[in-house]
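Worksheet: one structure, shown below.
The values are calculated or read from the model by the stated rules, or taken from the named source; none is laboratory data. The structure displayed is predicted, hence computed values, not measured ones. Virtual Cβ from ideal backbone geometry, glycine too; neighbours counted across all protein chains shown.
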């Protein structure tokens, strides 16, 4: 057998990201309020940029009603805490004081901007990787930095992780068996199987009871007491309205200012030969910014139009008709990269006949009913939430009972799926809802 070295040509498809592409992806992802601040900063640094603000700000486009409804559903999206500082600003202050390396800090700041009102991280590391193009190891390091901040438990992605982070932060974290119970036995704990847990861990009943007392003092909503960011800067990006039996998308033209090229500066640049290269570069940057804004509007409108087409039954009839939908489906229809759709829907709101919703609302997995129809997992979660909201607080519904009630309504899912959806909504188990006197 003879081995001879050889050169074999191979083709690889690789996406090269230029500075211009990075700027466009940033502009696409930013919500209107942050985009306006970005444009003001760019105009300060580029003499060719001229910003013209509109007089009307369309107050009927505000998301105040959305936030009020979200507070009812999620237990505090719009709640006012005891202080004036927001959770995001509090966490950012710690990150910047802790000497976090710049590249990790930028990622951690992005993650901090995706905390919900309870302090949980609403974005997965996979989604963040697609949006930022960041190294997975750096993402994990940034998450670790975020989760090291106060209040303990901030940045968690599940209830279990939230409680474990608090145990790590707590001065009495050495309470025997608390970590093991939270990590592996929350479900049996919710059912009161203390003797069974004791047997599994080789502990006494008294030791397990002491650990449970400690666990009950942990906070399942570490961010709930913070002041929320003010609402007036939040507006919806578009309306979906029905005309002639068809749904159309009307973009909120008043939300983003007009960005023009300053003609006086163009004439000045042409007359100053010694600074011609400087002016040429600034002019190119200004024109590219205009193109980015036009492309942002076009991309967002196309994405919303596809959502309206896919979710027309929801627009007609409400949450029970919300269809399962993923980013890939929309991306394929529009010949976009999936990450482009992901960026486009971040922190964007749309006004519909069924109220104001964040664009992410329209994307969820599917659950098969007994009739064979697919319904959105978001619909199933809403059914679970309503059952829990209406339960007798002295005898809260167990996951098994919720499963049975859903099955009676034609939705057949496993008890573990009920538990998974409940935890994703950050709703405590029936045992803790009874003990703590609240459902979230």
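The table for this structure:
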item	result
Of the criteria (1) surrounded by fewer than 19 Cβ atoms within 10 Å (Cβ to Cβ); (2) at pLDDT 85 or above; (3) closer than 22 Å to residue 324 by Cα; (4) under 25 Å from the mean Cα position of the chain (by Cα), which one residue 385 fails	(1)
Residue 162 vs. criteria in a helix (DSSP H, G or I), modelled with pLDDT of 90 or more and under 20 Å from residue 428 (Cα atoms)	yes
Residue count, segment 146-159 (criterion: under 21 Å from residue 422 (Cβ atoms) and not in a loop (DSSP other than H, G, I, E, B))	1
Residue within segment 373-381 that is part of a helix (DSSP H, G or I), out of contact with any strand residue (DSSP E or B) (no Cβ under 6 Å at 6 or more places or on another chain), without any contact (Cβ under 8 Å) to a residue 24 or more places away in the chain and loosely packed, with under 15 Cβ neighbours inside 10 Å present	no
For residue 78: the one exception among (1) over 30 Å from residue 279 (Cα atoms); (2) modelled with pLDDT under 60; (3) out of contact with any helix residue (DSSP H, G or I) (no Cβ under 7 Å at 6 or more places or on another chain)	(3)
Boolean, residue 348 is surrounded by 15 or more Cβ atoms within 10 Å (Cβ to Cβ), within 21 Å of residue 247 (Cα to Cα) and free of Cβ contacts under 8 Å to residues at least 24 places away in the same chain	no
Unique match (being under 22 Å from the mean Cα position of the chain (by Cα) and more than 23 Å from residue 383 (Cα to Cα)) among 298, 364, 342, 335	342
Candidates 214, 226 - the one that is surrounded by 15 or more Cβ atoms within 10 Å (Cβ to Cβ), under 30 Å from residue 432 (Cα atoms) and modelled with pLDDT under 80	226
Candidates 88, 52, filtered to the one that is modelled with pLDDT of 75 or more, under 25 Å from residue 143 (Cα atoms) and not assigned by TED's automatic domain parsing to the domain that holds residue 421	88
Matching residues in segment 174-208 - criterion: being surrounded by fewer than 13 Cβ atoms within 10 Å (Cβ to Cβ) and either in a helix (DSSP H, G or I) or within 36 Å of the chain's Cα centre (by Cα) (or both)	174, 192, 195, 199, 205, 206
Residue satisfying condition, being under 24 Å from residue 420 (Cα atoms), out of contact with any helix residue (DSSP H, G or I) (no Cβ under 7 Å at 6 or more places or on another chain) and assigned to a helix (DSSP H, G or I), within set 143, 168	168
Selection count where residues are in contact (Cβ under 8 Å) with a residue 40 or more places away in the chain and either exposed (fewer than 12 other Cβ atoms within 10 Å of the Cβ) or part of a loop (DSSP other than H, G, I, E, B) (or both), scope segment 401-415	3
Residue match in segment 328-336 (condition: in a loop (DSSP other than H, G, I, E, B) and touching a residue at least 12 places away in the same chain (Cβ under 8 Å))	yes
